[in-house]
Each structure stands twice: as structure tokens, then as C-alpha cells.
Amino acid sequence: MSESLFADASKRLEQALKYANISEDAIERLKYPKTSLTVSIPVRMDNGSLRIFKGYRVRYDDTRGPGKGGVRYHPSVSLDEVQSLAFWMTFKCAAVNLPFGGAKGGVTVNPKELSRLELERLSRGYIDAIADFIGPDIDIPAPDVYTNPMIMGWYMDQYSIIHRQLTPAVVTGKPLSLGGSLGRDTATAAGAFYVIETLMPKFDQPAQNTTVAIQGFGNAGAHLATLLYNAGYKIVAVSDSKGGVYAKKGLDIPSIRRFKDTQKGLQAIYCEDSVCNVVEHEVLSNEDLLGLDVDLLIPAALENQITETNVHNIKAKYIFEVANGPTTSAADKILAEKGIYVFPDILVNAGGVTVSYFEWVQNRSGLYWTLEEVNQRLKQKMVEETLKIWQIKQEFSINLRTAAYVHALNRLGEALSAKGTRDYYLGS
Ligand code: NAD
């Protein structure tokens, strides 16, 4: 399965090429990652033993700016997965016009099995291993699944120790006290919310009449649940890695959030408990959640959740991809045949990297923005780029995913060609 993730991701590119203004040279360049690094990270465990963890950092493309992308800690992390995530970052940054290329990192580990000190040693060890390949003008890591602001703080500190100078702009998603940006914690959810609010009126789908199921109740999923709940949407189901909860008349999202937050406070920095422990609901599996008869289905956990195997069970009208790569290309085709609209990851979850960009700008300028400024700039960017992608969709009568790739490809193609094209060198 993991072997094919990148091949599957690349298919999205192929579908968009015929609508994009891009040279053959640029297409060839975008088929391959620029740098793929695999490292071994030695960690002294609390019991005195030594364990070696495998880590990765892939810079897919940096034509439009330094590489940008999160670091994932998960037992299933592989080079193939990291490469796919770096590929998506390249197109995401171009789709919303950030001056960044695409990158991603990961460590193959179950962080829930580590103590806090082991987690810190692993995180600092990861930076020791990749320090020569990152930097404010080279490649800038950020959080992803099972990494968080505290880990970003360790990254920044370790990089600064190696370089013997404080370098906040080397990583984003840091704690506020170490140069983080206001609004970064809610940015992915806020960005997705702006996309939903921009596009749903086009389908005549008012909030009060809209039922929602969200898979994944972490940074992105839980914040988005709150925003939608506050705006009047009826969230009927949410889930995390251990299972989900369902209530036909709608879940009380603030009390579920409170529950998760309390557990988190009691149990180190990873929430060990499941949302299944909250009362007044029915329990359902993640598979059941994906098959619910709702208006909006929001995958906000991991990739490869909607596949050829389960796509026939999907009953939602619209799928908003907050997770990266939750739908395989084969499933995409079947969803289109079923008349289900898919709003693509590279647009829907771009709010996170957008506020990461704002954090990098603030670190470099030394001038820090208010929450209102951050949110206003985020909203402006998300709405503007969403409408441009919508326009491309209408112009070519294509789906939104292909339109988002066309939009990104046009920008990437222009930048790659500005370095010199085949026509220029051949004098034609
Ligand atoms: P997170 O670690 O905060 O949360 C992940 C959530 O998914 C947790 O609730 C976890 O329990 C749940 N989960 C894990 N495996 C699951 C499974 N098999 N079924 C159901 N739930 C499962 O991560 P996050 O930052 O919220 O990221 C979620 C997704 O959003 C990822 O695909 C990530 O790449 C994407 N994303 C996140 C950001 C960001 O800024 N956080 C930005 C862009 C994209």
C-alpha cells in the first residue's frame, strides 16, 4: 500500500496537465523530489538502552521559495509517505500563492509509547540528523500528526544550539513565547472553515440544514468542529484513533472538547483517552462514521481513508479533505460518478501553512501581529484563492481537485520557466 501512495498522488498531476500552462521541462522537473534524506536517530531510552529510530526529510521542490512542511511522528511513517506529503505541500503552497516550495519530514515511531524525556531526545536527535538540510532560507519544518508546539520549540532550540545563534524562523508552529504566531493553533481549521463558508452558498447549503461528520479530533478536526458548531452546523459524529461518537440530534462539541482537554492535561502531552468516553451518544467505528448519511464528511486524520474498498459506502453529499490525501485517485473517480463533490486537501487545509508563512514573516521582520491581523490576512488569502480555483473549475468544467492543481501548476510552471526553457536555449 505505502509503495503506491506517491504513484497515486502523482496521478492528480497528470489529470491537471492538459489544462495548465506549463512547459515539458517543468513537468519533467515536477515528477521527482529534489532531495530525499533518510537518517538514523540514536536515542538513549529511560531504562539505559539505546534505540535507533528512522527519520526522513524530503524537499520536493524549492523553485518558488524554501521548502515548507510538517514533521509527522507515527508508526507507519515511510519514505514513500513523506515523499507524497512533500509533493502535496509543493502544490498547496503554490495553490495559495505562498513563497515556499514543498517539503515534509517524519519519524517512524509511536510517540505515545515514549516518555516526555525520550520524546525530547528523539526530537533533538532528529534535528541533529537533518540540521544541514534545513534553515530559514532552505527548508522550514512545522507540526503535523502527533507533533505539536512543544516539539517545535525543541527543534528551534536544538537548531539554534548547533548554529550558535537564536534562529526562530527555522521552524513554525512554535509556542508563542518562542516566536510562534497568534492564530497558528487554529489556522488549519480556520482556513477550512473559510473554504466551506465560501463554497457552500454555491450549493445552496445553509449551515442550519447541514449535518457534519468529522474523522479525527486532533488539532485540525477538533478546532474545525468548534468553528462549525458555533456557526450553526449540526455535528452528528466525531472520531479519533480509538473510535467515534454519534448523536442524531447533534453533539455538544464544547463538552467533548473540554473532556479531551482535561484528559490531555492529566496524561502527558498526548491524549491517551478516546472521545468514546463521553456520555450521551452512540459509539461507532471510524468505518461507520465514513458511511454516515450526512451532508458534509470531513476526513481530518490520515491519508488513504476513502479507498476503492469503502467508497461504495459513502453517502455524504460533500467531502472536505482536511487531512492530507484521505481519498485515493480510484475512489475519487467513483465519488464523481456518484455525484459526490470532493473539496481537495491542497486547498482545504492550506490555512495551516499560510499562518506558518505569517509566523516566518513575523520572525524575520521582528514585528508581531495581533490575532485579528492574522485572521484577517488568512481569511483574505483563503477566500481569494478559493474563488480563483472555483473560476478555473467553471471555465474548464473540471472537478475542484483538478482545478486546484491547474492553479498551482500555472504558478509552478511560470517559476520553473523563468529559470530558462527548452525554447530559450534552442533559440526558437
Ligand atoms: P493531530 O495529531 O492533532 O490529530 C490527529 C487526529 O486523528 C487525532 O484525533 C487522532 O486520534 C486521529 N486519528 C489517528 N488515526 C486515526 C484513524 N485511523 N481514524 C480516526 N482518527 C484517527 O493531527 P492534525 O494536526 O490534526 O492533522 C490531521 C490531518 O490534517 C493530517 O492529515 C495532517 O497532515 C493534516 N493537516 C494538519 C495541519 C495542521 O496544521 N495541524 C495542516 C495541514 C494538514
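The table below lists the values:
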item	result
Residue that is farthest from the ligand (Cβ to nearest atom) [pool: residues in the range 344-392 that are in contact (Cβ under 8 Å) with a residue 24 or more places away in the chain, aliphatic (A, V, I, L, M) and open to solvent by 50 Å² or more (accessible area, probe 1.4 Å)]	L387
Enumerated strands (runs of 3 or more DSSP E) restricted to the range 281-328, each holding at least 3 residues that are in the same structural domain as L199 (by TED's automatic domain parsing) and of a type in the set (A, V, I, L, M, F, W, C)	296-299
Lone qualifier among I346, I398, I392 - being outside any helix (DSSP H, G or I), within 24 Å of G102 (Cβ to Cβ) and of a type in the set (V, I, T)	I398
Y425, sole failed condition from (1) within 27 Å of L17 (Cβ to Cβ); (2) open to solvent by less than 70 Å² (accessible area, probe 1.4 Å); (3) outside the structural domain of H312 (by TED's automatic domain parsing)	(2)
Residues within the range 399-428 that are farther than 23 Å from D61 by Cβ and either touching a residue at least 40 places away in the same chain (Cβ under 8 Å) or in contact with an Asp or Glu (Cβ under 6 Å, 6 or more places away or on another chain) (or both), tallied	1
Qualifying position, being assigned to a strand (DSSP E or B) and at pLDDT 95 or above, among G125, G65, G55	G55
Pair list, Cβ < 6 Å and 6+ apart or interchain, from the range 220-246 residues that are touching a residue at least 12 places away in the same chain (Cβ under 8 Å) and under 15 Å from V348 (Cβ atoms) to residues that are open to solvent by less than 50 Å² (accessible area, probe 1.4 Å) and of a type in the set (G, A, S)	A220/A189; A220/A300; G221/A300; H223/A189; L224/A189; L224/A192; L227/A189
Residues (in contact (Cβ under 8 Å) with a residue 60 or more places away in the chain and either open to solvent by 10 Å² or more (accessible area, probe 1.4 Å) or more than 22 Å from S255 (Cα to Cα) (or both)) located in the range 295-316	D295, A300, A301, L302, E303, N304, Q305, A316
Residues that are open to solvent by less than 80 Å² (accessible area, probe 1.4 Å) and either of a type outside the set (A, V, I, L, M) or more than 30 Å from E395 (Cα to Cα) (or both), drawn from the range 20-41	S23, D25, P33, T35, S36, L37, T38, V39, I41
Of the criteria (1) touching a helix residue (DSSP H, G or I) at 6+ places or on another chain (Cβ under 6 Å); (2) modelled with pLDDT under 95, which one K92 fails	(2)
Output for the range 181-198, where each listed residue is buried (at least 19 other Cβ atoms within 10 Å of the Cβ) and either charged (D, E, K, R) or within 13 Å of W154 (Cα to Cα) (or both)	R184, D185
Subset of the range 317-328 [open to solvent by 10 Å² or more (accessible area, probe 1.4 Å), more than 10 Å from the ligand (Cβ to nearest atom) and under 18 Å from the mean Cα position of the chain (by Cα)]	T328
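Okay, residues lined up against (1) open to solvent by 10 Å² or more (accessible area, probe 1.4 Å); (2) within 16 Å of the ligand (Cβ to nearest atom); (3) charged (D, E, K, R):
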| position | (1), (2), (3) |
| --- | --- |
| S78 | yes, yes, no |
| L85 | no, yes, no |
| C93 | no, yes, no |
| L117 | yes, no, no |
| I130 | no, no, no |
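The values are calculated or read from the model by the stated rules, or taken from the named source; none is laboratory data. All values derive from a computational prediction rather than experimental measurement. Note: ideal-geometry Cβ built from the backbone for every residue, glycine included; neighbour counts use all protein chains shown. The area values use the complete protein model at the heavy-atom level, side chains included, leaving out ligands, DNA and RNA. Shrake-Rupley method; radii C 1.70, N 1.55, O 1.52, S 1.80 Å.
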